[in-house]
């Protein structure tokens, strides 16, 4: 899947779950600090991404999701 | 059924069981003195249920709302030992009573009650059965639950701490998720008490330490993480709650080749005693139930809530190498008279969030450990027997029930 398409999907979910405007997000945005996401919001976003991309993200990967770019990298490598 | 009879009062206390990967169905099984008469057991069940409306309910789920309402269907005693699907095969009841040979099986969906919440009802059924079978004279007084605790007041008193990045990034135990197998160990209560006294610790701590020692070899790791639950009824001011009313704690212990119980027990005991203070239990309960509350409040499909809940438990450090639940005597009240009619007791609860679940119960001087194990290795019973015997515990039985 194209990276731009992945980013677009994540931005849509971010806006839906946490009302974060796409223009406020870059790949270097830190999820908790820059985007002010709570742990609940991060987990909801991850659960939504699993549904959207039809995959199961192992819990041990959660620790690696610090920035928006981390999410994009993971999905680019694992989403079909 | 009139909607006015519906109630959501006791829904929240079990809501977390909507979020589990699999429905948590538990089993208490009592072996009695003689072969069980199903007809008499049916009469005992009917009579007990007439005095215990808390259990005479069915779960109704409509869109995102759930209710309990009176169940008008007959509550049947089933023949055999197979666990039925609850409530699909139980006329809507959230528990099931069956019998085979000398054994009464009591299965229940953890949603409506926890182990402590089951005991008064199961004991009453056995008492009324003994009245019919042996001419005893146990009374059938009403079994009534305390009101639901006020979760919002609890959360206001003990505000939840938000998970930080460091929380999200800490190491968590990777649990085994292979096909579940059962192991049972029996030991004399006196030998465990003696060992605990010799080490100046609670019997619970001694048991937890013994399990850690045994599992070091079995799991092949030096750091063993264990979890346990604590009954919070008294601390929460709802002593007669029949619904789920517990909190849980996690600790780890580091072991080496020559580690003995005396080396680890004092520190383990100090940690356990700290957690069992009423204030500590309430704070933990508020923390854990506030997570359930937050997930429940999400405007999301159930499957998303389930996934969020599971990941939340993971980052909270809930997964452990084993869970230890110390039920004690399952009879409530545990009168000497009812105990004379019971030969044996097993309790089986699927582990969720651990490689194995250890349910410890005590009856007639014997402690029975019923272990449901999702690790793939063989030899758990032998590891337990060896570790327990090395510490002078009198092991009466250590068997693998599933091969």
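The residues listed here are B:183, B:175, B:136; of these, the one that is more than 26 Å from the chain's Cα centre (by Cα) and either at pLDDT 95 or above or within 14 Å of chain A (Cβ to nearest Cβ) (or both) is B:136.
Residues in region B:129-144 that are touching a residue at least 60 places away in the same chain (Cβ under 8 Å) and under 18 Å from residue B:342 (Cβ atoms): B:129, B:130, B:131, B:132, B:133, B:134, B:136, B:138.
Among the conditions (1) closer than 26 Å to residue B:354 by Cβ; (2) in the same structural domain as residue B:99 (by TED's automatic domain parsing); (3) buried (at least 23 other Cβ atoms within 10 Å of the Cβ), residue B:209 misses just one, which is (2).
Here residue B:306 meets each of (1) surrounded by fewer than 20 Cβ atoms within 10 Å (Cβ to Cβ); (2) in contact with a helix residue (DSSP H, G or I) (Cβ under 8 Å, 6 or more places away or on another chain); (3) over 25 Å from residue B:149 (Cα atoms) with one exception, condition (3).
Between B:319, B:330, B:350, which is more than 14 Å from chain A (Cβ to nearest Cβ) and under 22 Å from residue B:214 (Cβ atoms)?
Numbers: B:319 fails: more than 14 Å from chain A (Cβ to nearest Cβ); B:330 fails: under 22 Å from residue B:214 (Cβ atoms).
None of the other options fit; the residue is B:350.
Within region B:171-180, is even one residue buried (at least 16 other Cβ atoms within 10 Å of the Cβ), on the phi > 0 side of the Ramachandran plot and out of contact with any helix residue (DSSP H, G or I) (no Cβ under 9 Å at 6 or more places or on another chain)? The answer is no, given that none of the residues of region B:171-180 is buried (at least 16 other Cβ atoms within 10 Å of the Cβ), on the phi > 0 side of the Ramachandran plot and out of contact with any helix residue (DSSP H, G or I) (no Cβ under 9 Å at 6 or more places or on another chain). Which count do you get for residues in region A:58-80 that are at the interface with chain B (Cβ under 9 Å from one of its Cβ atoms) and within 12 Å of the chain's Cα centre (by Cα)? The number of residues fulfilling the criteria is 4. Just the residues that are under 19 Å from residue A:47 (Cα atoms) and crowded, with 17+ Cβ neighbours inside 10 Å, please, taken from region A:18-33. Residues satisfying the conditions are A:18, A:20, A:31, A:32.
Kindly indicate which of A:51, A:15 is in a helix (DSSP H, G or I), more than 14 Å from every other protein chain (Cβ to nearest Cβ), surrounded by fewer than 19 Cβ atoms within 10 Å (Cβ to Cβ) and without any contact (Cβ under 8 Å) to a residue 24 or more places away in the chain.
On inspection, the qualifying residue turns out to be A:15.
Quick check, is residue B:259 farther than 24 Å from residue B:280 by Cβ and within 14 Å of another protein chain (Cβ to nearest Cβ)? No. Checking region A:12-33 against the condition returns a match, with at least one residue being within 20 Å of residue B:172 (Cβ to Cβ) and over 10 Å from the mean Cα position of the chain (by Cα).
Take the conditions (1) surrounded by fewer than 13 Cβ atoms within 10 Å (Cβ to Cβ); (2) touching a strand residue (DSSP E or B) at 6+ places or on another chain (Cβ under 9 Å); (3) within 30 Å of residue B:290 (Cβ to Cβ); residue B:80 misses just one of them, which is (3). The set of residues from region A:18-34 being within 13 Å of chain B (Cβ to nearest Cβ) and touching a helix residue (DSSP H, G or I) at 6+ places or on another chain (Cβ under 7 Å) comprises A:18, A:31, A:32. Of all residues in region B:319-351, those being closer than 30 Å to residue A:50 by Cβ and buried (at least 20 other Cβ atoms within 10 Å of the Cβ) number 7.
Looking only at residues in region B:317-343 that are assigned to a loop (DSSP other than H, G, I, E, B) and touching a strand residue (DSSP E or B) at 6+ places or on another chain (Cβ under 9 Å), the one that is modelled with the lowest pLDDT is B:317.
The values are calculated or read from the model by the stated rules, or taken from the named source; none is laboratory data. Only a predicted model underlies this, so the values are computations on that prediction, with no experimental measurement involved. Cβ atoms come from the backbone with ideal geometry, glycine included; neighbour counts cover every protein chain shown.
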